[in-house]
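The values are calculated or read from the model by the stated rules, or taken from the named source; none is laboratory data. Only a predicted model underlies this, so the values are computations on that prediction, with no experimental measurement involved. In this analysis, Cβ positions are derived from the backbone assuming ideal geometry, glycine residues included, and neighbour counts consider all displayed protein chains.
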Amino acid sequence: MIQLLLEHSADVNSKGREGETPLTSILSKDKYFSERLVESLLRTEQQLEATESDLNRLVTGSGHSECAIQICKRVLADNTHLKPTIETIRLLLAGIGYRNSEILRLLLARAPHLTITLDIVKQAKNLESFELLTRHGSCIEITPDLMRSFLDPLELELIKYSVQSVPEIRPPPAVVTTIRAILDQPETEATGTVYEHGRRFRP
């Protein structure tokens, strides 16, 4: 029904009995959270009204799909009043399989007041996310203790970034020992890549 109404230029911000918009309806029920419906919203030229709850649902569900990324960008562009919270950032980072940092960049730019803690930094799924989080606001100071925290679970890329970004700080012995043990393992001559428990590390 939502698809049919959108195809016939219905008001995308019309509210139901409980004040829900088509966007809210699509996001609030898993069975309606289909990319086809979301793409229909993207095709409309009308401004999409959204709430913080809508934004949180977007970053939680299907956060790794291109369609979800596009609707997040549209929602942020159409709703300049939306201010992401720490919970929004946590939901985004906790998204299963989430690897794209573009939405994280947009959210942090919208909320310069947020205080990023070490606990949040440790949820970064990739190097770019780590960099965005550590440089946001007051910044997270990269110290030997921070490097050591990436040993369990082992996050080689984050250790590598930490070491490279502050060469004046000596990595703690535990980090050095772990990296040396990995480098001592057989490596593929063609790529110079070391494999350990399914992880890759390029020295």
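Worth a mention:
- Among the numbered conditions (1) modelled with pLDDT under 85; (2) part of a helix (DSSP H, G or I), the only one that residue 64 does not meet is (2).
- Leading residue by the ranking (surrounded by the fewest Cβ atoms within 10 Å (Cβ to Cβ)) among those in the stretch 146-164 that are without any contact (Cβ under 8 Å) to a residue 24 or more places away in the chain and assigned to a helix (DSSP H, G or I): 164
- Scope the stretch 122-151; condition more than 12 Å from residue 165 (Cβ to Cβ) and within 11 Å of the chain's Cα centre (by Cα); matching residues: 123, 124, 125, 126, 128, 129, 132, 133
- With respect to (1) surrounded by 18 or more Cβ atoms within 10 Å (Cβ to Cβ); (2) more than 13 Å from the chain's Cα centre (by Cα), the lone exception for residue 172 is condition (1).
- Residue count for the stretch 94-107, restricted to those that are hydrophobic (A, V, I, L, M, F, W, C) and surrounded by 19 or more Cβ atoms within 10 Å (Cβ to Cβ): 3.
- Output for the stretch 114-129, where each listed residue is assigned to a helix (DSSP H, G or I) and within 14 Å of residue 92 (Cβ to Cβ): 120, 121, 128, 129
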